[in-house]
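Here's the structure, in C-alpha cells; my notes come after.
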Amino acid sequence: MLHRMPFVLAAGIAAATAFAANDAQPINDLPNPFRTVRDWGHPPNGVPWAAVTAVEVSPDGSIYVIHRCHDNSCAGRPEPPILKFDASGKLLKAWGEGMFVFPHGATVDREGNLWVTDEQMNNGKGMQVFKFNPEGKVLMTLGKAGVASSEPGLFDEPTDVAIAANGDIFVTEGHSGPRPGNDRVSKFTKDGKFTKAWGKRGDGHNEFHSPHTIAIDSRGRLFIGDRGNNRIEIYDQEGRYLETWRQFGRPSGVFIAKDDTMYVADSESWGPDEPGWKKGIRIGSAKDGSVKYFIEDIESTTQEHSGAEGVGVDSQGNVYGAVVRRQMLEKHIRQ
C-alpha cells in the first residue's frame with residue numbers, strides 16, 4: 001500500500017530497540033501513547049458492523065472503511081461494503097452493493113483512487129481487484145470474475161494490493177482458507193498489463209504462506225506480510241529478495257507512512273506458533289526495523305478472537321484498526 005501520513009514520534013520515548021532479522025523474541029512491553037474509542041463511524045441505516053477488513057485514508061482526509069456486509073460475507077447481501085467517512089466520522093458515501101463476495105485488502109493511490117481486493121468467489125463473482133474513483137466509479141478491474149487460477153494475470157485468493165510511485169500495481173495472493181491460493185505476488189503496469197509474478201507455498205526466500213498484506217516504503221521496497229510464516233519479507237519491485245523481519249509479530253496488515261513510520265497489525269499471535277507474543281498494533285520504523293510502540297488488543301492472548309487485521313493512519317496520527325472476528329472498527333487517538 002502507498003501511504004502518506006506521518007506519525008510524529010514523541011520526544012522522550014526515543015529509545016528504539018532494533019532486532020536482528022532472525023530474532024523472534026516477543027516484543028510486548030512498549031509504550032502506548034493512544035487512547036481507544038469504538039464508537040467512531042457507523043454503517044448506514046443503523047445496521048451493525050460486519051467483519052471490518054481494511055481502513056484507508058485518502059489524500060483529501062476522507063477515510064474509507066471496508067467491511068463484509070453482514071457477519072463475514074457479502075455473498076447475496078444488499079449492504080454496501082465500501083463506506084466513505086469524513087474526519088469526524090460522518091458517513092459521506094457508500095457503494096459496492098452486489099459487487100463483492102469477500103472484500104479483503106485495500107489501498108488508496110496518490111490520486112485518491114481506492115483499490116479493493118475480493119478474496120473469495122461465489123456465483124460468478126470474486127477473485128478480482130477493483131479500482132474506484134472517489135465517487136465510487138469503477139476505473140479498472142483485474143482478474144476474471146468467479147475464476148480462481150494460477151495463470152498470469154489471474155488470481156487465486158487476492159489478499160491485498162499496493163500501488164508504486166510510477167503506478168505499477170502489486171497484488172498478494174494466497175490465504176489460509178479451504179484452498180491454498182497461489183502464495184505469490186503479481187505485478188502489473190499502471191494500465192493493468194501483467195508483467196511478472198514470484199512466490200510459491202513454502203517458508204524459504206521467494207516463498208510465502210498466506211501473504212496477507214503488502215506495503216511500499218519511501219525507497220520503493222515491498223514489505224510483504226507473510227502471515228503464515230510469522231514474518232515480513234522485503235523485496236525490490238523486480239521481485240529480488242532483500243531481507244526478513246520477524247520483530248513485528250504475525251503480520252495481518254501493514255501501513256507505511258511517508259516518513260517511513262511503520263504500523264503492523266498483529267491479529268493472530270497466540271499459541272505454539274508465536275509463544276509469548278500478544279496481539280495488537282506495533283509501531284516502528286521501516287528504515288531500521290526498530291519497534292517503538294505497541295497498542296495492545298483488548299483480547300491480546302485469547303485464541304477465540306483476532307485483533308485488528310487492517311490498519312490505517314490519518315493526518316493527525318490517529319490509528320484505525322479493522323477488526324474481523326469481533327466485527328468492529330477501532331480508533332486509537334494519539335495523546
Legend entry - Yes/no for residue 82 being hydrophobic (A, V, I, L, M, F, W, C) and in contact (Cβ under 8 Å) with a residue 60 or more places away in the chain: no
Legend entry - Output for the stretch 270-299, where each listed residue is crowded, with 17+ Cβ neighbours inside 10 Å and hydroxyl-bearing (Ser, Thr, Tyr): 285, 293
Inset, instruction - For the stretch 204-244, enumerate the residues that are surrounded by fewer than 16 Cβ atoms within 10 Å (Cβ to Cβ) and in contact with a His (Cβ under 6 Å, 6 or more places away or on another chain). - result: 241
Inset, instruction - Tell me which of these residue 267 doesn't satisfy, since it passes every other one: (1) more than 19 Å from the chain's Cα centre (by Cα); (2) surrounded by 24 or more Cβ atoms within 10 Å (Cβ to Cβ); (3) of a type in the set (Gly, Ala, Ser). - result: (1)
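Yes or no: residue 335 at pLDDT below 95 and within 21 Å of residue 33 (Cβ to Cβ)?
Details: at pLDDT below 95: yes; within 21 Å of residue 33 (Cβ to Cβ): yes.
Answer is yes for this residue.
For the stretch 47-54, check the following and say yes or no: at least one residue is touching a Phe, Trp or Tyr at 6+ places or on another chain (Cβ under 7 Å) and surrounded by fewer than 20 Cβ atoms within 10 Å (Cβ to Cβ). Show your work before the answer.
Restricting attention to the stretch 47-54, the residues satisfying the condition of being touching a Phe, Trp or Tyr at 6+ places or on another chain (Cβ under 7 Å) are none.
Checked the stretch 47-54: no residue is touching a Phe, Trp or Tyr at 6+ places or on another chain (Cβ under 7 Å) and surrounded by fewer than 20 Cβ atoms within 10 Å (Cβ to Cβ).
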Inset, instruction - Test residue 58 against the criterion of being within 17 Å of the chain's Cα centre (by Cα), surrounded by fewer than 24 Cβ atoms within 10 Å (Cβ to Cβ) and modelled with pLDDT of 95 or more, and give yes or no. - result: yes
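Specify the residue that is nearest to residue 119 (Cα to Cα); the eligible residues are those in the stretch 208-222 that are touching a helix residue (DSSP H, G or I) at 6+ places or on another chain (Cβ under 8 Å) and in a loop (DSSP other than H, G, I, E, B). Please lay out each step first, then the result.
From the stretch 208-222, those touching a helix residue (DSSP H, G or I) at 6+ places or on another chain (Cβ under 8 Å) are 208-213; that's our starting set.
Those left that are additionally in a loop (DSSP other than H, G, I, E, B): 209-210.
On the way: 209: 15, 210: 12 Å.
Only one residue tops the list, namely 210.
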Legend entry - Any pair with Cβ under 7 angstrom, 6 or more apart, that starts in the stretch 153-170 at a residue that is touching a residue at least 12 places away in the same chain (Cβ under 8 Å) and farther than 19 Å from residue 210 by Cα and ends at one that is among the hydroxyl-bearing types (Ser, Thr, Tyr) and outside any loop (DSSP other than H, G, I, E, B): 163/107
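Kindly indicate the residue of the stretch 114-143 that is surrounded by 15 or more Cβ atoms within 10 Å (Cβ to Cβ) and among the charged types (D, E, K, R) and also farthest from residue 251 (Cα to Cα) among those meeting that condition.
First, pick out the residues of the stretch 114-143 that are surrounded by 15 or more Cβ atoms within 10 Å (Cβ to Cβ): 114-122, 125-132, 134, 140, 142-143.
Next cut, among the charged types (D, E, K, R) only: 118-119, 125, 131.
Details: 118: 19, 119: 17, 125: 28, 131: 24 Å.
Residue satisfying both the conditions and the ranking: 125.
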Legend entry - Unique match (being touching a strand residue (DSSP E or B) at 6+ places or on another chain (Cβ under 8 Å), modelled with pLDDT under 95 and small (Gly, Ala, Ser)) among 20, 16: 16
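The values are calculated or read from the model by the stated rules, or taken from the named source; none is laboratory data. Since the structure is predicted, the reported quantities are computational estimates derived from the model, not experimental observations. Glycine also receives a Cβ, built like all others from the backbone with ideal geometry; neighbour counts cover every protein chain displayed.
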